[in-house]
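These notes are about the structure you will find just below.
The values are calculated or read from the model by the stated rules, or taken from the named source; none is laboratory data. Since this is a predicted model, take the numbers as computed values, not measurements. Using ideal geometry, Cβ is built from the backbone for each residue, glycine included, and neighbour counts are taken over all protein chains shown.
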Amino acid sequence: MTGAMRIPALDTLRTGGKRALAAALALIETARGTEDLADLLDTAAADPKAHVAGLTGPPGVGKSTLTNALIRDWRSKAETVGVIAVDPSSRATGGALLGDRARMQTDPDDKGVYVRSMAARDRLGGLSDDTVAAVALMRALFDRVLVESVGIGQSEADISFAADSVILCVQPGSGDSLQFMKAGVMELPDIVVVTKADMGAAARRAKSEVEGALTLFTREDDWQVPVVLVSAPTGAGLDDLHRALADHRAHLGETRLVARRQAQEATWVEESIRARFGAEGLAAARRLTLAARGPFGREREIAMRLRAALHSAGA
Ligand code: GDP
């Protein structure tokens, strides 16, 4: 069976263009649990290139519009961009919001940008295993990776499982900042964008509300969360957002960046095992000494060994 699935090497993907990447991303969904796929993903995870930004916020706040603007800016500086748009609607309704996603407009002839929609799952608060794997892969291939997901209330947490820098979008006059404060969501973003800054006074008021809300939380690191006013259609504030992203990346440095990614990987492995084998399986997994080093290999090894233990217990 495995013979039918040809898992490419990472180097092949580096030179193979969009078609090869699309095929590899499809394999993430179909070849799960195979050694070759785990090897590819671990090779990619160990050789990261991109700064991964996560963009989240409620529907209608302006995420797709902002994503388009960011893609345009990055491409104009010859930076390559991979985008993963997490589609929450596919969970319940089979993709009612995909029309929304179609608004992400990229030049099909531009080899330097790749946009992929992925279904959300009821795991990691909405980010699927496949999304985490796709981020690991695209992170090794592009200069920039942007993960875009709808977040409402607690599900804003989603994106922190996959992003180096989390951008939370709120819009003027929405009361979003108060809602987020109640939900405890203000602890999560590294940058807050007030969208639709062309709305003038309402936008400035939203900015000061958010700044007020942020003072109620103390972060473990000493990062001051910037609140940036952006109007995607006019381009106002986009430079401030680029600066905020660069500042946050500089703040992470190598040490915090590596620690953040390792914590994400560990969470991913644990959540995956918990989903498949429950709390008892996870407890048993913690007692195992593993041969595999990378997160995808570790997850695969744990799953195989727990399954073997289940079978021998049942026999
Ligand atoms: P998403 O659901 O978060 O992806 O939001 P969209 O990007 O689809 O934007 C929702 C609506 O807000 C659309 O009608 C956009 O044209 C509009 N919009 C987005 N950004 C801005 C902005 O900066 N200013 C104004 N005035 N409208 C915006």
Checklist entry - For Ala140, are the conditions met, namely being touching an Asp or Glu at 6+ places or on another chain (Cβ under 7 Å), buried (at least 17 other Cβ atoms within 10 Å of the Cβ), modelled with pLDDT of 65 or more and over 27 Å from Arg249 (Cβ atoms)? => result no
Next on the checklist: Between a residue in the range 265-282 that is under 17 Å from Leu41 (Cβ atoms) and among the β-branched types (Val, Ile, Thr) and any residue that is at pLDDT below 90 and buried (at least 20 other Cβ atoms within 10 Å of the Cβ), which pairs come within a Cβ distance under 9 Å, given they are 6 or more apart or on different chains?
Outcome noted: Thr267/Leu124; Thr267/Phe161
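How many residues are assigned to a loop (DSSP other than H, G, I, E, B) and surrounded by 14 or more Cβ atoms within 10 Å (Cβ to Cβ) if we restrict to the range 222-232?
Start the filter on the range 222-232 by keeping residues that are assigned to a loop (DSSP other than H, G, I, E, B), which leaves 222-226, 230-232.
If we keep only those that are surrounded by 14 or more Cβ atoms within 10 Å (Cβ to Cβ) too, we end up with 223, 225-226, 230-232.
So the answer is 6.
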Item to check | Those residues of the range 189-229 which are polar (S, T, N, Q) and within 14 Å of the ligand (Cβ to nearest atom), in sequence order | outcome: Thr195
Item to check | Given (1) modelled with pLDDT of 95 or more; (2) of a type in the set (Gly, Ala, Ser); (3) part of a loop (DSSP other than H, G, I, E, B); (4) more than 27 Å from Pro189 (Cα to Cα), number of the condition Ala236 does not satisfy | outcome: (4)
Checklist entry - If you check Lys49 against the conditions, is it more than 14 Å from the ligand (Cβ to nearest atom) and closer than 22 Å to Ala236 by Cα? => result no
Next on the checklist: When the residues of the range 46-57 are narrowed to those that are under 30 Å from Gly175 (Cβ atoms) and not hydroxyl-bearing (Ser, Thr, Tyr), which ends up surrounded by the most Cβ atoms within 10 Å (Cβ to Cβ)?
Outcome noted: Gly54
Checklist entry - Can you find a residue in the range 197-205 that is among the charged types (D, E, K, R), in a loop (DSSP other than H, G, I, E, B) and free of Cβ contacts under 8 Å to residues at least 40 places away in the same chain? => result no
Checklist entry - Going by the conditions given, is Ser64 near the ligand (Cβ under 9 Å from one of its atoms) and not hydrophobic (A, V, I, L, M, F, W, C)? => result yes
Checklist entry - Out of the residues in the range 230-266 that are within 18 Å of Val145 (Cβ to Cβ) and among the polar types (S, T, N, Q), which is nearest to the ligand (Cβ to nearest atom)? => result Gln264
Item to check | Which listed residue, of Thr43, Thr67, is of a type outside the set (Gly, Ala, Ser), assigned to a helix (DSSP H, G or I) and either within 14 Å of the chain's Cα centre (by Cα) or crowded, with 24+ Cβ neighbours inside 10 Å (or both) | outcome: Thr67
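Can you tell which of Gly60, Gly94, Gly16 is at pLDDT below 90, surrounded by 16 or more Cβ atoms within 10 Å (Cβ to Cβ) and not in a strand (DSSP E or B)? Step through it out loud before you land on a result.
Details: Gly60 fails: surrounded by 16 or more Cβ atoms within 10 Å (Cβ to Cβ); Gly94 fails: surrounded by 16 or more Cβ atoms within 10 Å (Cβ to Cβ).
Every option except Gly16 fails the conditions.
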Item to check | Lone unmet requirement of (1) of a type outside the set (Lys, Arg); (2) at pLDDT 95 or above; (3) crowded, with 19+ Cβ neighbours inside 10 Å for Thr255 | outcome: (3)
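Identify the residue in the range 241-298 that is outside any helix (DSSP H, G or I) and touching a helix residue (DSSP H, G or I) at 6+ places or on another chain (Cβ under 9 Å) and, among all such residues, is farthest from Gly33 (Cα to Cα).
Our first condition is that a residue be outside any helix (DSSP H, G or I); within the range 241-298, this holds for 253-254, 287-294.
Narrowing the set further to residues that are touching a helix residue (DSSP H, G or I) at 6+ places or on another chain (Cβ under 9 Å) leaves 288, 290-294.
Numbers: Leu288: 18, Leu290: 16, Ala291: 16, Ala292: 13, Arg293: 15, Gly294: 14 Å.
Only one residue tops the list, namely Leu288.
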